Structure formats: C-alpha cells, structure tokens
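Nothing in this text is a laboratory measurement; each read-out follows from the coordinates by a stated rule. What you see is a predicted model; the values in this text were computed from it and never measured. Cβ: placed from backbone, ideal geometry, glycine included. Neighbour counts: every protein chain shown.
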C-alpha cells in the first residue's frame, strides 16, 4: 500500500521560512497598520524577524511538509 505524500500548506509557506541552521523565521505582528501612532523605536523593532517559539516548531514544520 502506497503512502501518500503530505502537501505543503501554501499559506504557511508564505509566512515562514527555515534557515540553514533549522530555525523557523516569521515576521512580527502589528508592524504595518496604524503605524502613525507608534513610536519610531517600536517600528524599528517590529521590522526585525522573529524566531518561532519552540512549542510551535513541530506544528509549523508539519505545515511546511518538512516532517
């Protein structure tokens, strides 16, 4: 009996990327709407990418079809 391949969830593929070292990178929330009220320092911090939490790592890898 042949085992079916898992498909990549395209919505997840657009939001996450895996680095060479195995980290999963995402963009920060609250960065693009209503930016006029936010401090410049806050906006600078929001532009940086963040690593996915360890508790969510397996779920994201499964959505990306890597596991």
Of the residues in the stretch 12-45, those that are assigned to a helix (DSSP H, G or I), free of Cβ contacts under 8 Å to residues at least 24 places away in the same chain and under 14 Å from the mean Cα position of the chain (by Cα) come to 14, 15
Given (1) assigned to a helix (DSSP H, G or I); (2) without any contact (Cβ under 8 Å) to a residue 40 or more places away in the chain, identify the lone condition not met by residue 62. (2)
